[in-house]
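J.: Below you'll find the structure I mean.
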Amino acid sequence: MVVVVGVEMVEGVELVEGVELVEGVELVELVELVEPELTLTPTLTPAPSHQHSHPHTHPFAPMPLNPLLISELLFDPSPSVGLPEFEYVEWHNPGPDTVELRGWEWVVGEEVDKAKRVKVVEGVKLAAGEYIIVCGKGAAEALRPFGRVLVLDPFPALKNTGDRLTLIDPEGREVHSVAYSTGAYTDALKADGGWSLELSDLSNFCSDSAWIPSEDPTGGTPGRANSRSLTLAFPPAPVLLRAGLYDSETMFVLFSGPLEPGLEMNNYAVRLQPGGWVAEAVPPVRYGFPGLFFRLPKGLADTTLYTLELSGAPCGCGGTGALLRLAGFSLPREPDSAGVVINEVMFDPGTGNPEWVELFNRGTKTVELNEMILARADTSGSVISFSNSQELPFLMLPGSYAVLTASVSGLLNSYPDMDPGLACGRTDMPALSNSASRLILFDRFQRVIDQALYDPDWHYPYLEETAGVSLERVDPQASGLVRGSWFSAGRQRDVETHYYASLHRGGTLADVETHNNASLHRGGTPGYRNSQYLNNTSPPLTTPHFFLLTPHLYAGSLADPVPVVVRYSFPERGWFCGLEVFDQRGARVRVAEPFGLAGVDGVMQWDGLDELNRLVPDGIYLLVAEYRHPSGLSGRWKKACGVVRVH
């Protein structure tokens with residue numbers, strides 16, 4: 001328990017014509033803080049009811065050992081560095097029992113109705129711990145010296161550009177699925193051919209990072225233990241990201257990571273409200289899909305926004321219970337110019353970070369992003385490059401965001417507190433120029449939905465560095481073709497993003513509070529309201545109260561990790577501000593928020609720690625915010641706040 005007392009002192013200079021901030025004292029009565037009830041995020045995509053949902057965590061359930069694994073593959077055997085120039089895969093029995101291979105199926109391809117399938121017809125048994133090389137007829141003799149061989153006829157060719165490989169047991173259950181690509185090679189010579197990919201951690205068989213190039217001098221280890229045996233961290237619990245419409249008869253629920261293999265479909269269903277519609281789970285229509293498919297109920301109205309709730313308790317591939325939340329769903333309609341707009345552009349993300357474009361649905365109807373084309377053009381509108389290829393369908397509900405990028409993982413690494421359900425991967429994303437350009441959003445008939453001009457010269461001229469800073473549209477209702485519609489992104493912190501940060505990092509309910517200090521975004525606001533958006537719905541802070549401390553939120557101890565929150569609001573864009581904390585002696589304890597470009601409104605936080613990340617002693621601390629505008633206006637806000645830890 002924490003006891004908080006606050007004393008506010010404001011001093012400053014003339015901020016707006018005719019209004020001057022004067023010194024004053026505001027006493028805040030003694031407040032006893034009880035641990036706040038944790039309220040979590042809104043649904044993934046806005047629903048008409050604006051309901052909030054809590055994720056449900058399920059107890060850890062260790063996965064049974066897989067009866068059969070894909071443990072190695074050589075998809076580009078040329079040029080050889082020691083192995084025969086034939087494609088092969090290797091299967092391994094990691095369990096304690098012998099596996100009868102008759103009736104197992106080998107599948108190459110992702111979509112169930114288009115994949116190539118070959119059934120094992122031989123009565124072959126694979127003993128516990130044994131490996132077997134799987135190949136075509138022509139490769140059998142060359143590979144037999146390396147180990148036991150199983151011939152599949154035909155043996156589907158393995159694409160050098162990448163594909164998905166899946167093992168199906170005799171009962172039709174997906175047991176192991178692997179998506180391979182040249183991206184697993186970090187060495188250009190090995191990527192050129194002749195080196196296999198090996199599963200380095202047999203217990204972490206769903207992890208992409210477990211697949212690494214062989215280190216054996218011959219280029220691979222067919223028929224025997226792999227060249228490296230690692231113990232990798234299991235992936236975080238999968239998070240329910242969003243719901244979507246796969247085709248006219250099938251909907252899906254997408255998770256952030258793979259679910260355990262062999263799920264029983266009759267254990268899962270979704271309920272849609274209003275109306276109490278129930279959608280039953282159906283067998284997957286894509287192999288290795290990180291989610292579940294459901295039969296679309298007949299009779300849903302395309303004008304209704306539904307809230308979807310999953311029943312059932314799926315686990316991730318590591319055995320950890322998935323984190324569930326409500327999601328929005330609606331049948332899509334044809335887009336038009338009153339709906340989706342280009343809302344934010346990160347054309348110069350800085351070294352190692354991906355470019356991205358944020359879209360916002362300002363309209364009243366749901367649209368399917370998969371049917372939209374994003375094009376980069378010159379300033380006159382002549383298209384240079386475009387993107388029309390998307391990994392999965394993506395419903396944009398009214399009031400929702402989507403962030404298009406060529407690298408979803410890179411985007412989430414750059415913005416770890418962003419809702420991962422709003423990231424939309426496009427492999428053909430057009431490269432964004434660092435010179436003046438135009439972005440155009442088309443529908444599937446190439447009709448213009450929205451256009452936006454951007455220019456590096458439109459960045460706020462007082463910024464020391466613009467790399468890693470996006471341009472934000474200040475009002476989604478205004479034209480995107482004029483300079484006045486764009487401004488450099490400032491600092492913004494959104495308390496609701498703490499939930500997404502925790503879940504993306506594999507946290508649980510108890511972890512959500514611990515990431516409060518991680519939600520500061522500098523240089524971009526992908527997936528939520530722009531920092532420079534003036535027409536917001538936040539209650540205004542009027543002169544002289546440009547700053548407001550929320551003393552009932554305080555990080556009093558490691559068991560009570562709730563921060564001091566200072567909310568600010570400025571009358572226009574372009575202000576810089578920072579927050580420092582001092583002790584009773586006047587010594588600086590921590591730079592809580594470095595001085596930098598601020599949003600029109602937002603919050604700054606102190607986590608109750610000093611510069612060495614230690615808990616501060618009990619006592620009175622002074623929070624000081626300095627703020628300055630390039631026009632010459634400046635000021636300082638102070639407030640004292642004290643804490644007594646009650647044991």
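The values are calculated or read from the model by the stated rules, or taken from the named source; none is laboratory data. A quick note: this is a predicted structure, and the numbers were derived from the prediction, not measured. Backbone-built Cβ (ideal geometry, glycine too); neighbour counts: all protein chains shown. Just so you know, the surface numbers come from the protein's heavy atoms only, side chains and all, with ligands and any DNA or RNA stripped out. Shrake-Rupley method; radii C 1.70, N 1.55, O 1.52, S 1.80 Å.
J.: Suppose the filter is under 16 Å from Val624 (Cβ atoms) and either at pLDDT below 85 or not charged (D, E, K, R) (or both); does Leu579 pass it?
T.: Working: under 16 Å from Val624 (Cβ atoms): yes; either at pLDDT below 85 or not charged (D, E, K, R) (or both): yes.
Answer is yes for this residue.
J.: Please state which of the following conditions Arg286 fails to meet, knowing it meets all the rest: (1) touching a residue at least 60 places away in the same chain (Cβ under 8 Å); (2) among the charged types (D, E, K, R); (3) exposed (fewer than 15 other Cβ atoms within 10 Å of the Cβ).
T.: Among (1) touching a residue at least 60 places away in the same chain (Cβ under 8 Å); (2) among the charged types (D, E, K, R); (3) exposed (fewer than 15 other Cβ atoms within 10 Å of the Cβ), Arg286 violates only (3).
J.: I've got another one for you. Looking only at the stretch 53-79, which residues are part of a loop (DSSP other than H, G, I, E, B), at pLDDT 95 or above and within 33 Å of the chain's Cα centre (by Cα)?
T.: If the condition is that a residue be part of a loop (DSSP other than H, G, I, E, B), at pLDDT 95 or above and within 33 Å of the chain's Cα centre (by Cα), then Leu68, Phe75, Asp76 are the ones that fit.
J.: So which strands (runs of 3 or more DSSP E) stay within the stretch 583-647 end to end and still have 2 or more residues that are over 36 Å from the mean Cα position of the chain (by Cα), more than 24 Å from Asn530 (Cα to Cα) and among the small types (Gly, Ala, Ser)?
T.: It comes to 634-645.
J.: Pro332 is checked against (1) in a loop (DSSP other than H, G, I, E, B); (2) over 30 Å from Leu439 (Cα atoms); (3) in contact with a helix residue (DSSP H, G or I) (Cβ under 9 Å, 6 or more places away or on another chain); (4) modelled with pLDDT of 95 or more and fails just one. What number does that condition carry?
T.: So Pro332 meets the others, but not (2).
J.: Condition test on Arg333, is it among the basic types (Lys, Arg) and under 15 Å from Leu254 (Cα atoms)?
T.: Spelling it out, it is not the case that Arg333 is among the basic types (Lys, Arg) and under 15 Å from Leu254 (Cα atoms).
J.: Tally the residues that are at pLDDT below 95 and not in a loop (DSSP other than H, G, I, E, B), restricting the search to the stretch 260-277. Give the steps one after another, and end with the answer.
T.: The first filter runs over the stretch 260-277 and keeps only residues at pLDDT below 95, leaving 260-267.
Next, from what is left, pick out any that are not in a loop (DSSP other than H, G, I, E, B): 265-267.
Total satisfying the criteria: 3.
J.: Tell me, please, whether a residue that is surrounded by 14 or more Cβ atoms within 10 Å (Cβ to Cβ), hydroxyl-bearing (Ser, Thr, Tyr), closer than 15 Å to Asp76 by Cα and under 30 Å from the mean Cα position of the chain (by Cα) can be found in the stretch 154-172.
T.: The answer is no, given that none of the residues of the stretch 154-172 is surrounded by 14 or more Cβ atoms within 10 Å (Cβ to Cβ), hydroxyl-bearing (Ser, Thr, Tyr), closer than 15 Å to Asp76 by Cα and under 30 Å from the mean Cα position of the chain (by Cα).
J.: Follow-up question, since we're still on this one. Please specify each residue of the stretch 225-249 satisfying the condition of being crowded, with 17+ Cβ neighbours inside 10 Å and in a loop (DSSP other than H, G, I, E, B).
T.: Asn226, Ser227, Phe234, Pro235, Pro236, Ala237, Pro238
J.: Continuing with the same structure: When the residues of the stretch 179-190 are filtered to those that are outside any strand (DSSP E or B) and of a type in the set (A, V, I, L, M, F, W, C), which remaining residue is most open to solvent (accessible area, probe 1.4 Å)?
T.: Across the stretch 179-190, the extreme among qualifying residues is Leu189.
J.: Within the stretch 363-391, restricting attention to residues that are closer than 27 Å to Asp457 by Cα and among the charged types (D, E, K, R), which residue is most open to solvent (accessible area, probe 1.4 Å)?
T.: Asp378
J.: Tell me whether the stretch 341-356 contains one or more residues that are hydroxyl-bearing (Ser, Thr, Tyr), in contact with a strand residue (DSSP E or B) (Cβ under 8 Å, 6 or more places away or on another chain), in a loop (DSSP other than H, G, I, E, B) and open to solvent by 10 Å² or more (accessible area, probe 1.4 Å). Outline the logic, then answer.
T.: If we filter the stretch 341-356 for residues that are hydroxyl-bearing (Ser, Thr, Tyr), which is where we start, we get 351.
From the residues that got through so far, the ones that are in contact with a strand residue (DSSP E or B) (Cβ under 8 Å, 6 or more places away or on another chain) too are none.
No, because not a single residue in the stretch 341-356 is hydroxyl-bearing (Ser, Thr, Tyr), in contact with a strand residue (DSSP E or B) (Cβ under 8 Å, 6 or more places away or on another chain), in a loop (DSSP other than H, G, I, E, B) and open to solvent by 10 Å² or more (accessible area, probe 1.4 Å).
J.: Let me ask something additional. Applying the selection to the stretch 357-367, what residues are more than 25 Å from Thr466 (Cα to Cα), touching an Asp or Glu at 6+ places or on another chain (Cβ under 9 Å) and assigned to a strand (DSSP E or B)?
T.: Passing the criteria: only Val367.
J.: Mind listing just one residue for me: the one in the stretch 392-417 that is among the aliphatic types (A, V, I, L, M) and under 27 Å from Leu331 (Cβ atoms) and, of those, surrounded by the fewest Cβ atoms within 10 Å (Cβ to Cβ)?
T.: Leu392
J.: Residues that are in contact with a Pro (Cβ under 8 Å, 6 or more places away or on another chain) and buried (at least 23 other Cβ atoms within 10 Å of the Cβ): does the stretch 567-583 have at least one?
T.: No: the stretch 567-583 contains no residue that is in contact with a Pro (Cβ under 8 Å, 6 or more places away or on another chain) and buried (at least 23 other Cβ atoms within 10 Å of the Cβ).
J.: Can you find, within the stretch 191-214, the residue that is nearest to the chain's Cα centre (by Cα) among those that are assigned to a loop (DSSP other than H, G, I, E, B) and under 21 Å from Tyr287 (Cβ atoms)?
T.: Ser207
J.: Out of Gly95, Gly82, I need the residue that is under 26 Å from Ile212 (Cβ atoms) and at pLDDT below 95. Which one?
T.: Being under 26 Å from Ile212 (Cβ atoms) and at pLDDT below 95 holds for just one of Gly95, Gly82, which is Gly95.
J.: State which residue is most open to solvent (accessible area, probe 1.4 Å) when the search covers only the stretch 298-312 and only residues that are more than 14 Å from Ala327 (Cβ to Cβ) and out of contact with any helix residue (DSSP H, G or I) (no Cβ under 8 Å at 6 or more places or on another chain).
T.: Going through the qualifying residues, I end up with Lys298.
J.: Select from the stretch 438-495 the residues that are of a type in the set (D, E, K, R) and part of a strand (DSSP E or B) and write down the one among them that is most open to solvent (accessible area, probe 1.4 Å).
T.: Checking each candidate, the answer is Arg438.
J.: Let me ask something additional. Looking only at residues that are of a type in the set (Ser, Thr, Tyr) and over 17 Å from Tyr131 (Cα atoms) in the stretch 191-224, which one is surrounded by the most Cβ atoms within 10 Å (Cβ to Cβ)?
T.: Ser207
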